[in-house]
Each structure stands twice: as C-alpha cells, then as structure tokens.
1. State all residues of the range B:218-246 that are farther than 11 Å from B:Leu265 by Cα, in contact with a Gly (Cβ under 7 Å, 6 or more places away or on another chain) and facing chain A (nearest Cβ under 8 Å); if no residue qualifies, say none.
2. Just for the range B:133-170: of the residues that are at the interface with chain A (Cβ under 8 Å from one of its Cβ atoms) and open to solvent by 10 Å² or more (accessible area, probe 1.4 Å), which one is nearest to B:Gly72 (Cα to Cα)?
3. Taking into account only those residues within the range A:229-246 that are open to solvent by less than 20 Å² (accessible area, probe 1.4 Å) and under 20 Å from the mean Cα position of the chain (by Cα), which is nearest to B:Asp36 (Cα to Cα)?
4. Quick check, is B:Leu3 open to solvent by less than 10 Å² (accessible area, probe 1.4 Å) and more than 8 Å from chain A (Cβ to nearest Cβ)?
5. Given the options B:His25, B:His41, name the one that is touching a Pro at 6+ places or on another chain (Cβ under 8 Å) and at negative phi.
6. Tally the residues that are of a type outside the set (A, V, I, L, M, F, W, C) and farther than 30 Å from B:Ala194 by Cβ, restricting the search to the range B:25-70.
7. Does any residue of the range A:13-20 turn out to be crowded, with 21+ Cβ neighbours inside 10 Å, hydroxyl-bearing (Ser, Thr, Tyr), within 12 Å of chain B (Cβ to nearest Cβ) and touching a helix residue (DSSP H, G or I) at 6+ places or on another chain (Cβ under 9 Å)?
8. In the list A:Ser197, A:Ser170, A:Ser155, which residue meets the criterion of being modelled with pLDDT of 95 or more, among the polar types (S, T, N, Q), under 19 Å from A:Ile65 (Cα atoms) and touching a Leu at 6+ places or on another chain (Cβ under 6 Å)?
Number of protein chains: 2
Amino acid sequence: MKLLLDAGSGGRASMRLINDIFVKHFDNDILAKMDDAALLHMSSPIAMSTDSYTVSPLFFPGGDIGTLAVHGTVNDVAMLGARPKYLSCAFILEEGLELEVLEKIVISMSSALSEAGVKIVTGDTKVVPKGACDQIFINTTGIGEIIPPTCSLGSPSGHNAKEGDVILLSGSMGDHGLTVMAARDNLSFVSDIASDSASLNHMIERLMLEVGDIHVLRDPTRGGVATTLNEIAEQSCVRCTLFEDRLPVKENVRAGASLLGLDPLYLANEGKLLCIVPKDKMQQALEIMRADEKGKDAVCIGEVSALPSSKTDNQSGNNTGHEKTGQVVLVTLMGGKRLLNMLEGAPLPRIC
Amino acid sequence: MKLLLDAGSGGRASMRLINDIFVKHFDNDILAKMDDAALLHMSSPIAMSTDSYTVSPLFFPGGDIGTLAVHGTVNDVAMLGARPKYLSCAFILEEGLELEVLEKIVISMSSALSEAGVKIVTGDTKVVPKGACDQIFINTTGIGEIIPPTCSLGSPSGHNAKEGDVILLSGSMGDHGLTVMAARDNLSFVSDIASDSASLNHMIERLMLEVGDIHVLRDPTRGGVATTLNEIAEQSCVRCTLFEDRLPVKENVRAGASLLGLDPLYLANEGKLLCIVPKDKMQQALEIMRADEKGKDAVCIGEVSALPSSKTDNQSGNNTGHEKTGQVVLVTLMGGKRLLNMLEGAPLPRIC
C-alpha cells in the first residue's frame with residue numbers, strides 16, 4: 001500500500017498512520033499520551049543532540065536508515081558522558097512511499113531502541129508531494145542525563161585533550177562509509193562488508209563509571225577519524241599524532257577503499273568512538289572497550305602533545321576563528337610524518 | 001553564492017557553513033562549544049516536542065520557514081504548561097540553494113528566538129544532491145521546564161477537558177493556512193492577509209502562573225480548530241460544543257476560504273491557542289490573553305459537556321482505539337446542530 005498525501009494533513013488519515021505504525025511499534029506510555037509535547041522526568045544536567053538522516057540507499061548491509069537514526073543520535077548524546085534516555089523522532093515522507101518499507105524501518109528502529117534502552121517519546125510526520133523529497137528522511141533528537149564526571153575538567157569534551165593523553169579507537173575504520181557507497185553504487189568488487197552502525201552508550205557508561213577521567217569522547221562519523229581528530233585538536237589547541245601501523249582497517253575495507261581512491265581515515269563510522277584519556281588510564285579503558293563486542297578491536301592509535309610553538313603563538317595572536325590552532329600528524333609505516341587535514345572538498349553526500 | 005554538496009560532508013566546508021551562518025546568527029555560549037551534544041542545566045520535569053518544517057513557499061506574508069520552525073516548536077513545548085528554553089535545529093539543504101536565502105532564513109529565526117527567549121544549542125546540517133529535497137527542510141526539537149501546575153489534574157493535557165469547562169480561542173482562525181495556500185498558488189483574489197505565526201510562550205506562562213487550573217492548552221495547527229478539538233474530545237471522552245456566531249474569522253480569510261471551498265475551522269493556525277478552563281476561570285483567562293497583542297481577539301467559542309450515554313458506553317465497551325470516543329458539535333447560526341469531524345481526506349501538504 002502506498003502512502004497518500006493526506007496522511008500528512010494532520011487529520012484522520014494522519015492519526016491512522018501514527019497509530020498503525022508509529023505508536024504500535026514505538027509503544028510506550030509517554031508517547032501514547034499524544035499531547036503536543038512529552039512530559040519527562042530527568043535529573044539535571046542533561047545532554048541534547050540532534051541529527052537528520054538522509055542516507056541512500058535506505059537499506060544497506062548492517063542496517064538501515066532507521067537503525068542509523070537511533071544509533072547516531074544515541075551515540076552523540078552519550079559522547080558527552082551522558083546516559084541517553086529519550087528521543088524525539090520526526091519523519092519527512094514522500095507521497096507514494098510503500099507503507100511496508102516504512103513499517104520495516106520503524107520495526108528495526110524499535111529493536112535498536114530496545115537494545116540501547118531508550119524511548120521515542122514524541123514525534124512528527126510530514127508527507128510531501130512526490131518529488132519533494134527522496135523517499136524518507138528521519139530526524140531524531142536525543143536527551144540524556146549527564147553521568148557525574150570524576151574528571152576535574154568536567155564532562156568529556158573536544159576541548160579537553162591534554163598533552164600526554166593517549167588516543168584510543170574502539171575498532172576498525174571506514175566500515176559504514178564504504179558499505180553505504182558500495183550499496184548505493186552496486187559495487188560488486190566490494191564484498192563481505194557491513195556497516196558498523198551500533199549504539200555505544202553502554203560502553204560509554206562503563207568508561208565513565210569505571211575508568212573516570214575521560215577527557216574526550218567523540219564518534220568519528222562524517223569525515224572520519226582524521227576529520228574528527230582535527231576538530232578535537234583545534235578545540236583543545238594540541239597536536240594529535242597517529243601511528244599508521246596501529247590504525248585498524250579491515251582487509252576488505254582497505255582493498256575496496258584503495259580501488260576507489262578513498263582513505264579509510266576519512267570514511268564515516270557509525271559504531272566507533274574515539275576516547276582520549278591520560279596515559280595511566282589507557283589499559284583500563286582498553287579493557288572495558290574490548291569487553292564489549294562493539295569494542296573488541298579497540299586499540300591505542302596515537303597520542304596528544306603540545307603544539308609546536310609557532311602554532312600556539314598563532315592561537316594567542318590574531319586568531320580569527322578560522323585559523324588552524326591544532327594539528328593532526330600521521331607517522332607513516334615508513335617512519336615519515338604527514339599532516340592530516342580535515343576532509344576537504346570530497347562530496348560524499350547521504351552517507352548518514 | 002550557491003550551496004555546494006561538500007558543505008554536507010562533515011569536513012572543512014561543513015565547518016565554514018556552520019561558522020559563517022549558523023554559529024554567527026544563533027550565537028550563544030552553549031552552541032559555540034561545538035561538541036557532539038549540548039550540556040544543559042534544567043529543572044525537572046521537562047517538556048519535549050519535535051516538528052519538521054517543509055512549508056512551501058519558503059517565504060510568505062507574516063513569516064518564513066525559519067520563523068515557523070521557531071514558533072511552532074516553542075508553542076508545542078509551551079502547550080504542556082512549560083517554559084521553553086532550548087531548541088535543537090537540523091537543516092536538510094538542497095545542493096544549489098542560494099546561501100543568501102539560507103542566511104535570510106537564519107536571521108529571521110534568530111529574531112524569533114530572541115523574542116521567544118529561547119536558544120538553539122545544538123544542530124545538524126545535511127546537504128542532499130539537487131532534486132533529493134525541495135530547497136530546505138528544518139527540524140527543530142524543543143525542551144522546556146514544566147511550570148509547576150496549580151491544577152489537581154496536573155499539567156495541561158488533551159486528556160483533561162471536563163464537563164462544565166469553557167473553550168477559549170486566542171484569536172481568529174485560518175490566517176496561516178490560507179496565507180500559505182494563497183502565496184503558493186499566487187491567488188490574487190486573496191489579498192491583505194498574513195500568517196499569524198507567533199510564539200505564545202509568554203502568554204502561556206502568564207496563564208499558568210496567574211490563572212492556574214488550566215485543563216487543556218493546544219495550538220490548532222494542521223487540521224485547524226475542528227481537528228484539534230476532535231483530538232481533545234476523544235482524549236478526554238467529552239463533547240465539545242462550538243457556537244458558530246462566536247467563531248472569530250477575519251473577513252478576508254472568510255471570503256478567500258469561501259471562494260476556495262475551504263472551511264476556516266479546518267485551516268491551520270500557527271499563532272493561536274485553544275485553552276480549556278473551568279467556567280469560573282474564563283474571565284481571568286480571557287483578560288490575560290487579551291492583554292497580549294497576540295491574543296487581543298481572544299473569545300470563548302464553546303463549552304465542554306459529558307458525552308451522550310451511547311458514546312460513553314462505546315468507550316467502556318469494545319473500544320479498539322480507533323473508535324470515536326468524543327464528539328465536537330457546532331451550533332450553527334440558524335440554531336441547528338452539526339457534527340464536526342476531524343479533517344478527512346483533504347490533502348493540504350506543506351502548510352507548515
């Protein structure tokens with residue numbers, strides 16, 4: 001059955017769609033109240049994050065737009081050292097969409113929600129005429145309770161990387177990005193890969209409660225590990241040094257990316273985290289990450305040091321806000337050093 | 001200058017777009033931190049609501065997609081008897097969009113934010129290839145602090161309408177819906193009208209604090225006053241009776257709607273609220289609403305009574321959840337009675 005335009009008109013047809021698909025599968029008491037807003041009990045302070053998902057194709061090995069919309073936002077909330085609790089969910093649907101496709105996505109969202117232990121408590125549905133959007137876009141916005149940080153710097157933040165810290169990565173790079181590109185373009189030479197899309201909130205909760213002193217948590221999504229580390233380096237005014245021989249990349253991802261001329265350091269991940277901690281916390285953090293199936297390949301990929309003096313001068317001087325005040329350096333297999341910049345100019349749309 | 005696809009890739013081009021347009025105009029300390037999530041201090045309980053905005057055209061008399069995205073979500077949060085504080089904001093942008101158009105929208109959002117006294121604290125930007133969306137879609141998700149209700153029923157809810165209550169409407173019906181339709185189709189016979197799009201949170205705060213005992217607050221957006229009252233009647237299992245001679249409709253809206261064969265009772269409003277209170281609170285509530293420029297035409301449009309017994313039997317009997325358990329009756333100018341149903345079947349897409 002195809003979605004009709006009047007399902008977005010706010011009347012009886014909207015109610016049917018909401019009841020028959022959304023309320024049915026996202027079933028919970030708060031959502032069922034169906035007021036303009038949800039009433040939630042939370043302990044302050046809270047973390048809030050939003051993402052719209054426009055991935056194409058809708059389904060890919062390892063997930064779909066629905067699981068991505070849960071994992072991505074759950075992870076963003078958790079990266080602040082928070083326990084994600086509630087999501088809002090807003091659909092923009094194209095007239096003519098097969099309702100079976102929508103329901104399949106909503107069902108997979110529902111199991112991703114259960115696994116993460118979060119609830120969708122409020123929502124919105126818009127239906128736009130055929131051609132005004134491509135099938136389905138989903139926005140999720142998440143809120144969570146900040147886990148009281150034991151670190152003197154406060155909750156994890158991109159601003160908190162310090163000289164002497166180590167950079168941990170919870171597993172292999174580029175799985176999601178390459179999988180979506182391969183699925184979209186039917187690249188048959190890229191085989192046996194799947195998105196890493198997963199919720200990392202349980203792992204993060206253990207890191208916060210058992211290791212403590214977590215300086216930075218970030219998920220290297222669009223732009224990949226290299227771009228995310230550049231953001232952190234700039235925010236913290238430090239140099240991040242990565243060692244190429246430690247970078248985890250699956251063999252088929254390495255091969256596929258190489259054929260396409262892509263660098264896994266710049267490919268999106270949806271179930272990985274970068275964790276920056278003081279060196280003396282490294283072992284404990286790695287053990288906790290590795291104890292989780294989603295972090296079993298966690299490794300230390302690099303370290304944080306002070307910027308060379310010319311860079312720090314730059315920062316205290318005429319910093320316009322667009323000036324680079326951090327740097328990421330890759331020590332190559334051959335022992336050379338290469339500056340890694342942010343992703344620049346590569347249009348990889350609709351990867352998430 | 002046109003928006004390029006790489007502004008959505010998460011790299012340097014995304015950063016430029018975010019800094020030059022979003023951070024610049026939404027400027028505040030929390031957003032400026034640019035972590036994966038925003039850290040917020042709130043007192044519990046909180047209200048949360050989400051809406052995606054897909055209105056076409058982007059600009060219309062009385063507002064644009066940006067002001068709508070602020071007003072609509074601020075109002076939904078406030079309708080739970082809450083003080084809206086923070087919004088997330090996620091843009092889906094079409095490749096090739098004029099950056100001047102985007103900036104103009106962001107600037108008008110910024111002044112709508114100031115007026116409402118809320119902040120955008122976290123955001124997301126996706127750029128999709130030309131043709132994959134129509135220019136610009138915006139999602140805003142809002143959270144606010146519940147104002148402790150003085151009412152024994154708790155915070156205002158669609159479930160709280162009681163026999164003997166009166167139904168107040170803060171002003172004229174249909175201004176937004178007709179304005180957008182006229183702007184979209186260049187209807188020259190509809191002149192001198194403008195959207196009522198506005199934030200109602202300050203009015204609601206006064207109603208909560210000074211009148212108290214507010215049973216229901218709802219903004220009659222998509223589907224209009226008739227549909228929203230049907231939702232309330234069903235949730236509260238009551239009959240709502242409206243008096244046609246009291247319904248406020250501007251003369252040109254009435255004329256324009258009539259020419260188009262539309263009923264203002266079913267047209268969308270974006271700066272109006274329905275407020276249901278015990279009869280003895282009516283005068284005080286109307287005075288507070290009328291003291292606000294946005295509520296100066298507030299009137300009592302009807303009353304709440306018990307359902308006829310066959311309807312209540314129905315509810316306690318085999319109610320499948322799709323059964324009608326409330327009703328809305330219009331007493332016409334001629335003194336006749338007419339059942340008002342929810343909007344059914346009329347496809348009025350992209351009105352908000």
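The values are calculated or read from the model by the stated rules, or taken from the named source; none is laboratory data. Please read all numbers here as calculations on a predicted model, not as lab measurements. Note: ideal-geometry Cβ built from the backbone for every residue, glycine included; neighbour counts use all protein chains shown. Side chains are part of the model used for accessible areas, which takes the heavy atoms of the whole protein and leaves out ligands, DNA and RNA. Shrake-Rupley method; radii C 1.70, N 1.55, O 1.52, S 1.80 Å.
1. Passing the criteria: B:Arg218, B:Glu231, B:Gln235.
2. B:Ile146
3. If we take residues in the range A:229-246 being open to solvent by less than 20 Å² (accessible area, probe 1.4 Å) and under 20 Å from the mean Cα position of the chain (by Cα), then A:Ile232 is nearest to B:Asp36 (Cα to Cα).
4. yes
5. B:His41
6. Going residue by residue through the range B:25-70, those that are of a type outside the set (A, V, I, L, M, F, W, C) are B:25, B:27-29, B:33, B:35-36, B:41, B:43-45, B:49-54, B:56-57, B:61-64, B:66-67.
From what is left, the residues that are farther than 30 Å from B:Ala194 by Cβ are B:29, B:33, B:35-36, B:41, B:43-45.
Selection size over the range B:25-70: 8.
7. Within the range A:13-20, the subset crowded, with 21+ Cβ neighbours inside 10 Å is A:13-15, A:17.
Still in the running and hydroxyl-bearing (Ser, Thr, Tyr): A:14.
Going one step further and asking which of them are within 12 Å of chain B (Cβ to nearest Cβ), we end up with A:14.
This time we only want the ones that are touching a helix residue (DSSP H, G or I) at 6+ places or on another chain (Cβ under 9 Å), so: A:14.
Yes.
8. A:Ser197
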